[in-house]
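Each remark here refers to the structure printed beneath this line.
The values are calculated or read from the model by the stated rules, or taken from the named source; none is laboratory data. Here the structure is a predicted model, which is why all the values come from computation and not from measurement. With ideal geometry, Cβ positions are generated from the backbone for all residues, glycine too; neighbour counts draw on all protein chains shown.
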Amino acid sequence: MAYRTPLARVRGLGSAKEGAEHFWRQRLTAVANIFLISFLVWLLVTLAGADHATVKRTLGKPHIAIPLLLLLLSGLVHMRLGMQTIIEDYVHSEGRKVAALMLNSFFAFAVGLVCVFAVLKLSFGA
């Protein structure tokens, strides 16, 4: 039986002051993804069956490339935050948790870099 006060039991276990920001960023990217993925679906339906030149010309327009880049950014941030939550909840070893969080960030950055390069290459017609 512990003879500690309730305050002593929770001291040092309070808010890390990051939970609300993480929560709202996850919700914000989720709402943004609804609109941006709707745009992507519309774009794919519009370009279904089009020839290569039409697709290339369409993807070269700024009003198409910019929402695609926003979708990449929003989707990757959302993915990274979601995986961070899973890692924090289910990886209990502190060393593995830190390594997994680092790999999560590196993976999101690498995928983002490749995808942004691909969209810019299509957009600028290289």
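Being at pLDDT below 95 and more than 30 Å from F23 (Cα to Cα): is that true of A48 here? Spelling it out, it is not the case that A48 is at pLDDT below 95 and more than 30 Å from F23 (Cα to Cα). Reported count of residues in the range 65-83, each being touching a residue at least 40 places away in the same chain (Cβ under 8 Å) and more than 13 Å from A30 (Cβ to Cβ), is 4. For the range 89-104, the set of residues classified as surrounded by 13 or more Cβ atoms within 10 Å (Cβ to Cβ) and in a helix (DSSP H, G or I) consists of K97, A99, A100, L101, N104, listed by residue number. The residue that is surrounded by the fewest Cβ atoms within 10 Å (Cβ to Cβ), counting only those in the range 42-59 that are within 21 Å of F117 (Cα to Cα) and under 24 Å from the mean Cα position of the chain (by Cα), is L44.
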